[in-house]
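Everything below concerns the one structure shown next.
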Amino acid sequence: MIVVAPKPKSKPKDFKDDFWKKKDLKISIGEIVEKEGAVSEKKTPMGPTPKPHVTDLRSWDFKLLSRYEPFYAPFCDMCCLCTFGKCDLLNKKGACGIDSATQQARIVLLACNIGTAAHAGHARHMINHLVEELGEDYPLDLGYNIDIEAPITRTIIGQKPENLGDLKNVISYVEEQLSHLLSACHTGQEGSNLDFESKSLHSGIMDDLAREVGDLAQIVALNMPKGDGDAPLIEMGVGTIDSSKPVVLCIGHNVVPGASIMDYLDETGQEEDLEVCGICCAAIDISRYNDRAKVVGPLSRQLKFIRSGVADVIIVDEQCIRTDVLEEAQSKNTAVIATTDKMCLGLPDMTDKDPDVIVSKLLNKEIEGALILDPEKVGEVSVKVAKILAPEREKLKLLPELDEVQKLALECTECGWCNRVCPNNKPMMEAVVAAGTGNFSNFEKLYLNDVCYSCGRCEQECERELPLMSMLAKAGEKLAKDEKFNIRAGRGPVQDVEIRRVGAPLVLGDIPGVIAIVGCSNYPDGGKEVAEMAKEFLERNYIVVATGCGAMSIGEYRDEEGKTLYEQYSGEFDSRGLLNIGSCVSNAHISGACIKIANIFAKKPLEGNFEEIADYILNRVGACGVAWGAYSQKAAAIATGVNRWGIPVVVGPHGSKYRRLLLGRTDKKETWKIKDLRTGKIMDGEPAPEHLIYAAENMGEAIVMTAKLCIRPTDTGKGRQIKLNHYMDLYKRYYGILPPDVHLFVRNEKDIPITYKKDVKEILEEVGWEPREIPQEPSLMGMDGD
Amino acid sequence: MANDRVIPWQPTVIAGPKQALLVTPETAELMIKKAKRPLLILGPLVKEDPVLTLATKIAERWDLPVVTTADAFKAFNDKGLNPISYGVVEIVNLLKDPEWQGVNGQGQHDLAIFLGCVYYIGSQGLSTLKHYAPHLKTLTICKFFHSNADASFPNMKDEEWFNYLEKIGTG
């Protein structure tokens, strides 16, 4: 048995000021009770499922899966995982006996496991490094406004983590579970699609744990913002990078190498001499560590920016990095340093070499690049190399001239395959043909807002081997100069005081919902749609939280006055708040906020009490995730994790390629039955939320569905009116009529929005609607299966 | 490439050995005629003219019940088609259930005709029906070859496609 966290040490937590006392508050935060100036720990009762094994939450999963049945969309008819195969599973079983649905569920589990392993590997690397630097006893102190510091860990593990050593133990538990889950993917193991799904859900919450402890470790050890709603604005966009200085670009997700670069610059007094910038989550996390670091933008910028040649040195750490980064960098004489075991790129391990020797070998091209697993050395080597290399590379920071682009474009045979292989079938061929006549406007349309997210598939297909991405980058160069945006630095967790403030209005429906805009940049039509979605919900008084590439895309939109959304809206967790929570790993704080609502507002104990907490969130907390550009296995794990907590997610059309959605059926009334825990009565419920993970075909559909998925059975009449009003408004805008399913969400006449009273009454009359009893404590607990 | 017309429009959606049957407007008409309870599913890529009108003519000529996906509803409702709106994944989810009684409550459909859904999510939906809905056939009349359908138009340029749709819509 693994002991995950030691019992709390007897020393009470010191509040850093007299915040609580000034206000003469007597508060109860979980197990900590403050009385007359003294703080004491109260023994917390342990719930039924501390440290659940793979099957311990299966009954909860099956309840979710009977309401939200798996919808499979095979990406491939075949299975090619063992030497029995390939097996064609179209209306046939494979040689091992597996059928198509079970195979899809198996692949979903595999994807979730890969995602969870990525976060767990990342967290393990970081925690080990920080423990080595600071010791296991380094305290987990998030300041005086956050006492429920690790809601996911408390709920799943059953204990409050006190220090970095405790986080290490959490990761050990995750790794143990992950090995069981991965094992289930082996040929001849699990044979039920539903059990595979249950395991995926388990993998999802393991991912939650890994993300939570990973982010907490970096927040406390690297002194990142601790729930600061007023975190600084960070410069973002290609136009903010001063390419006359040496430029170091960090790509990936692990903050440690980037933080070392910032440290080295500070220690050597060179902070003004270099530009340090990042792409993807590494950018967000380095700027949480040091606000001088700049954010180039989301993942969609990667190839375009590398091709621009602006970076003198590229530091890669882990996850979502182009695997041909070395080849691409070499074509621009950009030095590459790999920094983690996850991505070594075939480079020689220079970890034990003297930094000056590494610098010399890199500059003299004695090595193609360097693998340096010591972050401190990465800091020194990257700065030294960039400084020497930058002047030599000046000419390489130029893309081909426009007349050269035009000349290249004339070689196009108009075969059209660039359009066909584009994931979004964007009109690349038309852009090239127009460029041949000297008209670059079509290229510019593709460039703007990352409508083309530069995956480069078109180039691979081009029979003339035209450098389409470089041509695009050149055509967009003048636009890139104007790309000067900002993003609020990732603030980390939501404060307990904020939860106290919004708990009631959220659960009662007065604040219509929390919209979490998360994930990657595999957008169907550019990043602007993400900003438009955020703006729509902010204007409607929702709380909008964001992470990762989604948070960056939101910052790349300016209104008529030239302000980004981060400048227009407060960073507090409240109605009309726009919060950049942080990077991918910071997604844990979004589920964490929902868990804290159950704990702080509703006094539900957390420790070992997963099902009750998830049941509370599913039925009461109007939160919905939007992963408009989700592409990775990590995104699959994140979405599956939040689903198990009872939070629905809307993904973009590419999300259908994950092969599985969890869809409710409004026509199956029996699936919506709930138990009113107050009366013990089983009663008819409502389809709220209607789906657990849903793929929308375009932005309009996504906005409308997101508003609908914030409806919860516990909304008060006023709250329901507010939510329905938004749903109906949006439906009318995109569909031209009022939603024909509105009657499903009207429990009695008090739910009808005043603005639409007459119209709704007509619909109700038409469908023979009758008022319904409202459950006081709707729950799936105590239903069949318990 | 010689067989460009029958390589899936996005070539990597090829899922396995089974490929859609390439159909002409005449064959498509035969499929519609033969079906007892066909359903026309119109997506957001055909909400503007000329395909808006062409699609409307097809629905009217064959008296097809219409489901619209995403935000295609408004355009076709304005055309007087009286469509029902579902998300593309929602309608596919209903179509794969042999117990579902169809949009008119008269029984599950035996032919689903797709036009104008976003290619790759449409392809995923067609894969769902290929695997889990043996009770119905799928036909796509987009200008793209959909290998996951039972029957599909080939990849075409606009002009040829408009002619194809015109033929089905007017005879």
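The values are calculated or read from the model by the stated rules, or taken from the named source; none is laboratory data. What you see is a predicted model; the values in this text were computed from it and never measured. Note that each Cβ is placed from the backbone with ideal geometry, even for glycine, and that neighbours are counted across all protein chains shown. Only protein heavy atoms, including side chains, enter the accessible area calculation; ligands, DNA and RNA are left aside. Shrake-Rupley method; radii C 1.70, N 1.55, O 1.52, S 1.80 Å.
For this structure, a couple of remarks:
- Flag for A:A217 being within 30 Å of A:A614 (Cα to Cα), under 22 Å from the mean Cα position of the chain (by Cα) and among the hydrophobic types (A, V, I, L, M, F, W, C): yes
- Among the residues of segment B:116-154, those identified as within 12 Å of the chain's Cα centre (by Cα) and hydroxyl-bearing (S, T, Y) are B:Y119, B:S123, B:T138, B:T140, B:S152.
- Extreme residue, most open to solvent (accessible area, probe 1.4 Å), among residues of segment A:89-132 that are polar (S, T, N, Q) and within 14 Å of chain B (Cβ to nearest Cβ): A:N91
- Among the residues of segment A:684-699, those that are in contact with a strand residue (DSSP E or B) (Cβ under 6 Å, 6 or more places away or on another chain) and open to solvent by 10 Å² or more (accessible area, probe 1.4 Å) comprise A:G685, A:I693.
- Matching residues in segment B:29-51 - criterion: being more than 24 Å from A:L90 (Cα to Cα), more than 14 Å from chain A (Cβ to nearest Cβ) and assigned to a helix (DSSP H, G or I): B:E29, B:L30, B:I32, B:K33, B:K34, B:V51
- As a summary of the residue check, A:L661 satisfies the conditions (1) among the hydrophobic types (A, V, I, L, M, F, W, C); (2) away from chain B (no Cβ under 14 Å); (3) open to solvent by less than 10 Å² (accessible area, probe 1.4 Å) except for the one numbered (2).
- Selection within segment B:75-100: residues that are facing chain A (nearest Cβ under 9 Å) and polar (S, T, N, Q). The member of this set that is surrounded by the most Cβ atoms within 10 Å (Cβ to Cβ) is B:S85.
- Annotation: of all residues in segment B:126-135 being in a loop (DSSP other than H, G, I, E, B) and open to solvent by 10 Å² or more (accessible area, probe 1.4 Å), the one that is farthest from the other protein chains (Cβ to nearest Cβ) is B:H135.
- Among the residues making up segment B:60-74, those that are in a helix (DSSP H, G or I) and surrounded by fewer than 22 Cβ atoms within 10 Å (Cβ to Cβ) are B:E60, B:R61, B:W62, B:K74.
- Selection status of B:V118, touching a Cys at 6+ places or on another chain (Cβ under 6 Å) and within 12 Å of chain A (Cβ to nearest Cβ): no
- The listed residue being modelled with pLDDT of 95 or more, closer than 24 Å to A:I517 by Cβ and open to solvent by 60 Å² or more (accessible area, probe 1.4 Å), out of A:K732, A:K761, A:K718: A:K732
- A:D751 vs. criteria surrounded by fewer than 21 Cβ atoms within 10 Å (Cβ to Cβ) and either of a type in the set (D, E, K, R) or within 14 Å of chain B (Cβ to nearest Cβ) (or both): no
- Matching residues, segment A:64-88, being more than 26 Å from the chain's Cα centre (by Cα) and either within 14 Å of chain B (Cβ to nearest Cβ) or within 26 Å of B:K96 (Cα to Cα) (or both): A:S66, A:C76, A:D77, A:M78, A:C79, A:C80, A:G85, A:K86, A:C87, A:D88
- Options A:Y694, A:Y631: the member that is over 19 Å from B:E90 (Cα atoms) and of a type in the set (F, W, Y): A:Y631
- In this structure, B:K167 qualifies as among the basic types (K, R), open to solvent by 50 Å² or more (accessible area, probe 1.4 Å) and either assigned to a loop (DSSP other than H, G, I, E, B) or modelled with pLDDT of 95 or more (or both).
- Segment A:765-778 residues that are farther than 19 Å from A:T716 by Cα, paired with ones that are open to solvent by 60 Å² or more (accessible area, probe 1.4 Å) (beta carbon under 7 Å, 6 or more apart): none
- Note on segment A:667-692: residues that are in contact with a helix residue (DSSP H, G or I) (Cβ under 6 Å, 6 or more places away or on another chain) and within 14 Å of chain B (Cβ to nearest Cβ) total 3.
- Among the residues of segment A:551-574, the ones that are open to solvent by less than 10 Å² (accessible area, probe 1.4 Å) and in contact with a helix residue (DSSP H, G or I) (Cβ under 6 Å, 6 or more places away or on another chain) come to 7 in all.
- One residue stands out in segment A:133-160 among those that are assigned to a helix (DSSP H, G or I) and of a type in the set (A, V, I, L, M, F, W, C): the one that is surrounded by the most Cβ atoms within 10 Å (Cβ to Cβ), namely A:I156.
- Selection count where residues are within 14 Å of chain A (Cβ to nearest Cβ), of a type in the set (A, V, I, L, M, F, W, C) and in contact with a Gly (Cβ under 9 Å, 6 or more places away or on another chain), scope segment B:53-74: 3
- All conditions in (1) open to solvent by less than 10 Å² (accessible area, probe 1.4 Å); (2) over 17 Å from A:C549 (Cβ atoms); (3) in contact with a helix residue (DSSP H, G or I) (Cβ under 9 Å, 6 or more places away or on another chain) hold for A:S583, with the sole exception of (2).
- Total residues in segment B:1-26, condition more than 9 Å from chain A (Cβ to nearest Cβ), assigned to a helix (DSSP H, G or I) and either aromatic (F, W, Y) or open to solvent by less than 90 Å² (accessible area, probe 1.4 Å) (or both): 2
- All positions within segment A:499-511 that are open to solvent by 10 Å² or more (accessible area, probe 1.4 Å) and either assigned to a helix (DSSP H, G or I) or closer than 28 Å to A:F440 by Cβ (or both): A:R500, A:R501, A:A504, A:P505, A:L508
Let's see how each residue does on (1) touching a strand residue (DSSP E or B) at 6+ places or on another chain (Cβ under 8 Å); (2) open to solvent by 10 Å² or more (accessible area, probe 1.4 Å):
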| site | (1), (2) |
| --- | --- |
| A:P355 | no, yes |
| A:K361 | yes, yes |
| A:E366 | no, yes |
| A:V381 | yes, no |
| A:A386 | yes, no |
| A:P391 | no, yes |
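- Identity of the residue in segment B:101-125, within 22 Å of A:G655 (Cβ to Cβ) and in contact with a Phe, Trp or Tyr (Cβ under 7 Å, 6 or more places away or on another chain), that ends up surrounded by the most Cβ atoms within 10 Å (Cβ to Cβ): B:G122
- All conditions but one from (1) open to solvent by less than 10 Å² (accessible area, probe 1.4 Å); (2) within 22 Å of the chain's Cα centre (by Cα); (3) over 25 Å from A:C594 (Cβ atoms) apply to A:P493; the one that does not is (3).
- Of the criteria (1) open to solvent by 60 Å² or more (accessible area, probe 1.4 Å); (2) more than 14 Å from chain B (Cβ to nearest Cβ), which one A:S779 fails: (1)
- Tally of residues being in a loop (DSSP other than H, G, I, E, B) and surrounded by 23 or more Cβ atoms within 10 Å (Cβ to Cβ) across segment A:238-273: 5
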